[in-house]
2 protein chains.
Amino acid sequence: MHSIEPQVRACRDAATAVAALDSAQRQTLLKAMSAALLANAGAILAANARDLAAAKDKGVGTAMLDRLALDPARLMAMAEAVAEVAALDDPLGQVTRDDVRPNGIRVQKVRIPLGVIAMIYEARPNVTAEAAALCLKAGNAVVLRGGSEALHSNAAIAQVLGGALRAQGVPEAAVTVLTDQRREAMLELLQLHELIDLAIPRGGEGLIRFVAEHARVPVIKHYKGVCHLYVDRAADLAQALALLVDGKCSRPAACNAVETLLVHAELADAFLPQAARVLAERGVQVRADPRAQALMPDSTAASEEDYAAEFLDLVLAVKVVDDLEHGIAHIQRYTSDHTEVIASADPQACMRFVQALRSAVVMVNTSSRFSDGGQLGLGSEIGISTTRLHAYGPMGLEALTIERFVVSGEGQVRG
Amino acid sequence: MHSIEPQVRACRDAATAVAALDSAQRQTLLKAMSAALLANAGAILAANARDLAAAKDKGVGTAMLDRLALDPARLMAMAEAVAEVAALDDPLGQVTRDDVRPNGIRVQKVRIPLGVIAMIYEARPNVTAEAAALCLKAGNAVVLRGGSEALHSNAAIAQVLGGALRAQGVPEAAVTVLTDQRREAMLELLQLHELIDLAIPRGGEGLIRFVAEHARVPVIKHYKGVCHLYVDRAADLAQALALLVDGKCSRPAACNAVETLLVHAELADAFLPQAARVLAERGVQVRADPRAQALMPDSTAASEEDYAAEFLDLVLAVKVVDDLEHGIAHIQRYTSDHTEVIASADPQACMRFVQALRSAVVMVNTSSRFSDGGQLGLGSEIGISTTRLHAYGPMGLEALTIERFVVSGEGQVRG
């Protein structure tokens, strides 16, 4: 079959047209896209019905079918998400440094677009519209490589977005959906480092490892969230229980759900029996070390793997630790660099916890479930980085830009 | 031969000890390193003499010998550079965002170290000390892989720095010089993505391409600087001439030297004959398009390659362009994303130039030779990125850190 390079090159050319839009034009564009998604709901839902039928024929599981399915309510949510991105503050042109040197030259750092973003993701068709909106808002073009299950849905969404682009005089290629699902096409995409500035894979660990393994383009990756809740000696018991229940049970399949509970030995007797009760009420299976097991009826023995696991389910690993330092050491060993929480009323302990850990999000007396771009005030999120480069943690619009230097003088020379 | 993985793993372990040092301790450490370089000058110069003798035996060229050679003055400059890094503002702990959400949680972004930096470079032994100082100042450990020519010099410098580390209770492995010069060792280094957070290659294009080609660790690269000076219709002639002479002649081998001069057609008659005169006086060879050639005696015809070339020498490509837009289009086609300069007294033209171009440094009426970390106020520079990711342009201490989220609440849950 053919090379995808011409499609990606067309996207790169379109990036110049996107970057040339001013703030008002980009806002108008995204509002038009939001309206077009609603106006063309019928076509998108019809395409989605084809994907769903094909997926059912292939015997795809219910969880996947649910992620794939669109209905009028989900389509409306998609359109609203695009409109919300339209309304966000413009990251472009922001001046992050402004300094006059002794020789009189003025040195500014100003945000500009990255260029071309490649999103590589699995079955959710809403990612197609939301990722396109975020990339365009930050002045970038985007290549979208979704899963084969959502092929028709993604193509239909892209066609609708393309109409809005054309109406603003921007080439449709600014939002390019790759429909070539061959492994060779993906491998080719990951080699196009002259055309793609950043690849963001979103999906299962297998997909992300494949991208990281084969990419010559820069990749920002998020493998998994093994989030820890450490309950300190000085924790408020009721608060710690609430953080545990919210962190583990409010959405267990989310990457910001608590997977491991660590409890200071001095508090274990008071805390763990209560924790066992509330967890049991919510159907949470507990895998514990011997000290915790003794205090938690119905718990089973935790294995080494349980402490490294992202369960994404109503399963919790529990361990009693001798003190704060042992808690920190456990987290340093098993961290996925995503989110760690301390429950403590002791400011010293909280400060030590924050300073000792280098995860993307470190929280004090706050539920891990707030570790999300929207909740942290980024407006919307294109992904979560667990790579300490460019962006770390939830990535909003700023992560789709770069700061460059603008220098002005009156003829200064260095001599 | 053996694997280098144990050495790099020791460096990674040492990174935790470096990150645990507070600001005053890191400053003390760097001052001690600076003093130790002076105190051990004899040993370093003796090691350097061995490298120089070996290089001469191998018939290495004079330019390379000069870059390799240390003498008491250069050693003093090296020690001073380390002391200057010690005195820079601490980038760690800087709060770059501080925001209270409607639910009362406080969201901060705070700078932390990247972890382990791998510097891959060629013959200058001063890079060993300066890069180590910058990495440590930003709380990182560093793996240094210099060229084989400087092997003894680099090992001697590392030994001296290691003594200062030990005295502060930090494992010497925090500054690890790799002496294994096999290609396999380099390839292994570039695969260690679990241990290395960032690789920075510095040197010729061949080295940088090799690193970019084989790395699975993140790489920030700087291929070359094809810097443009565009002289607008509204330029002040004397100022533009000064920017040209400084940009081309003050240090032609630097990556921020001007390589291509573009002149607005309406100014060509007035500007180019004068330019030809001052360039001839300084021995600059001019390669020009037909319109410029007619105005510049002694110029030869420019080829397509000349406009893409980083001459690093007293050679200049010249072209007359119809107007600002043609100048911008030429730069967009040939840019290396390094530095572009406009000479113009017309604010509109300057604004258009800055907005249309996405190079790392865009300058108005300022010599390209100021495109340097020290000159732009970064204190010191570990490299120049022409990759639009993480850092773009001259990289100072901030580029060796990452912002992460610190969130504090009073038990808030998401529900």
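The values are calculated or read from the model by the stated rules, or taken from the named source; none is laboratory data. Please read these numbers as outputs of a predicted model, since none were measured by experiment. Using ideal geometry, Cβ is built from the backbone for each residue, glycine included, and neighbour counts are taken over all protein chains shown. All accessible areas refer to the heavy atoms of the entire protein, side chains included, with ligands and DNA or RNA removed. Shrake-Rupley method; radii C 1.70, N 1.55, O 1.52, S 1.80 Å.
Of all the listed residues (A:LEU65, A:LEU70, A:LEU38), the sole one being modelled with pLDDT of 95 or more and open to solvent by less than 70 Å² (accessible area, probe 1.4 Å) is A:LEU70. Only residues that are surrounded by 18 or more Cβ atoms within 10 Å (Cβ to Cβ), more than 11 Å from chain B (Cβ to nearest Cβ) and more than 19 Å from A:GLU259 (Cβ to Cβ) were counted across segment A:204-233, and they come to 2.
When the test is whether a residue is closer than 19 Å to B:ALA49 by Cα, surrounded by fewer than 19 Cβ atoms within 10 Å (Cβ to Cβ) and touching a helix residue (DSSP H, G or I) at 6+ places or on another chain (Cβ under 8 Å), B:THR179 passes it. Of the residues making up segment A:234-265, those that are open to solvent by 30 Å² or more (accessible area, probe 1.4 Å) and farther than 16 Å from A:GLN285 by Cα are A:ALA234, A:ASP236, A:LEU237, A:ALA238, A:GLN239, A:ALA242, A:CYS255, A:ALA265.
Selection of segment B:1-35 for residues being buried (at least 21 other Cβ atoms within 10 Å of the Cβ) and hydroxyl-bearing (Ser, Thr, Tyr) yields only B:SER34.
Name the single residue that is surrounded by the most Cβ atoms within 10 Å (Cβ to Cβ) among those in segment B:184-193 being away from chain A (no Cβ under 14 Å) and farther than 14 Å from B:TYR121 by Cα. Applying the filter and picking the extreme gives B:ALA185. Residues in segment B:49-57: is at least one more than 14 Å from every other protein chain (Cβ to nearest Cβ), under 15 Å from B:GLN159 (Cβ atoms) and open to solvent by less than 40 Å² (accessible area, probe 1.4 Å)? Yes: segment B:49-57 contains one or more residues that are more than 14 Å from every other protein chain (Cβ to nearest Cβ), under 15 Å from B:GLN159 (Cβ atoms) and open to solvent by less than 40 Å² (accessible area, probe 1.4 Å).
Which pairs have Cβ atoms under 9 Å, sit 6 or more apart or on different chains, and link a residue in segment A:141-155 that is in contact (Cβ under 8 Å) with a residue 60 or more places away in the chain and under 30 Å from A:ALA20 (Cβ atoms) to one that is small (Gly, Ala, Ser) and assigned to a strand (DSSP E or B)? Here the result reads A:VAL142/A:ALA118; A:VAL143/A:ALA118; A:VAL143/A:ALA199, each pair linking segment A:141-155 to a residue that is small (Gly, Ala, Ser) and assigned to a strand (DSSP E or B). One residue is enough: does segment A:96-109 have a residue meeting the conditions of a type outside the set (Gly, Ala, Ser), in a strand (DSSP E or B), buried (at least 20 other Cβ atoms within 10 Å of the Cβ) and more than 9 Å from chain B (Cβ to nearest Cβ)? No, there is no match, as no residue in segment A:96-109 is of a type outside the set (Gly, Ala, Ser), in a strand (DSSP E or B), buried (at least 20 other Cβ atoms within 10 Å of the Cβ) and more than 9 Å from chain B (Cβ to nearest Cβ).
Residues in segment B:346-385 that are of a type in the set (Gly, Ala, Ser), under 14 Å from the mean Cα position of the chain (by Cα) and open to solvent by less than 10 Å² (accessible area, probe 1.4 Å): B:ALA360, B:SER371, B:GLY373, B:GLY383, B:SER385. For A:GLY162, state whether it is assigned to a helix (DSSP H, G or I) and either touching an Asp or Glu at 6+ places or on another chain (Cβ under 9 Å) or open to solvent by 30 Å² or more (accessible area, probe 1.4 Å) (or both). Criteria met by A:GLY162.
Quick check, is A:ARG369 over 26 Å from B:GLY411 (Cα atoms) and either assigned to a strand (DSSP E or B) or within 8 Å of another protein chain (Cβ to nearest Cβ) (or both)?
no
Filter segment A:19-33 for residues that are over 14 Å from A:GLY93 (Cα atoms) and among the aliphatic types (A, V, I, L, M); which is nearest to the other protein chains (Cβ to nearest Cβ)? Here the residue is A:LEU29. The residue that is modelled with the lowest pLDDT, among those in segment A:203-261 that are more than 15 Å from A:ASP313 (Cα to Cα) and basic (Lys, Arg), is A:LYS221. For segment B:391-415, the set of residues classified as out of contact with any Leu (no Cβ under 7 Å at 6 or more places or on another chain), facing another protein chain (nearest Cβ under 7 Å) and outside any strand (DSSP E or B) consists of B:ARG414, B:GLY415, listed by residue number.
Within the group A:ALA199, A:ALA123, which residue is within 24 Å of the chain's Cα centre (by Cα), crowded, with 21+ Cβ neighbours inside 10 Å and at pLDDT below 95?
Answer to the selection: A:ALA123.
B:GLY374 meets each of the listed conditions (1) more than 7 Å from chain A (Cβ to nearest Cβ); (2) modelled with pLDDT of 95 or more apart from (2). In this structure, B:ARG388 qualifies as within 17 Å of B:GLY225 (Cα to Cα), within 8 Å of chain A (Cβ to nearest Cβ) and open to solvent by 10 Å² or more (accessible area, probe 1.4 Å). Is it the case that segment A:135-148 has a residue that's closer than 23 Å to A:HIS2 by Cβ and within 14 Å of chain B (Cβ to nearest Cβ)? Yes: segment A:135-148 contains one or more residues that are closer than 23 Å to A:HIS2 by Cβ and within 14 Å of chain B (Cβ to nearest Cβ). Annotation note: Cβ proximity below 9 Å between a residue of segment B:322-337 that is closer than 22 Å to B:ILE384 by Cβ and a residue that is of a type in the set (Asp, Glu) (sequence gap 6+ or interchain) occurs for B:ILE331/B:GLU340; B:SER336/B:GLU259; B:SER336/B:GLU310. Of B:ASP313, B:ASP298, all but one fail to be without any contact (Cβ under 8 Å) to a residue 24 or more places away in the chain and either open to solvent by less than 10 Å² (accessible area, probe 1.4 Å) or assigned to a loop (DSSP other than H, G, I, E, B) (or both); the exception is B:ASP298. I want to confirm something. Restricting to segment A:316-333 and keeping residues that are part of a helix (DSSP H, G or I) and away from chain B (no Cβ under 14 Å), which single residue is nearest to A:TYR230 (Cα to Cα)? Restricting to residues being part of a helix (DSSP H, G or I) and away from chain B (no Cβ under 14 Å), the top hit is A:GLY327.
So that you can scan it fast, the table gives a plain yes or no per residue for (1) within 18 Å of B:ALA173 (Cα to Cα); (2) part of a loop (DSSP other than H, G, I, E, B); (3) among the hydrophobic types (A, V, I, L, M, F, W, C):
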residue: B:ALA55; (1), (2), (3): no, no, yes
residue: B:ARG67; (1), (2), (3): no, no, no
residue: B:LEU75; (1), (2), (3): no, no, yes
residue: B:VAL85; (1), (2), (3): no, no, yes
residue: B:PRO91; (1), (2), (3): no, yes, no
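Residues considered: B:VAL142, B:VAL175. Of these, the only one that is touching a Cys at 6+ places or on another chain (Cβ under 7 Å) and under 21 Å from B:ILE112 (Cα atoms) is B:VAL142. Scanning for something surrounded by fewer than 21 Cβ atoms within 10 Å (Cβ to Cβ), on the phi > 0 side of the Ramachandran plot, more than 12 Å from chain B (Cβ to nearest Cβ) and not basic (Lys, Arg), does segment A:165-173 turn up at least one residue? Yes, the conditions are met somewhere in segment A:165-173.
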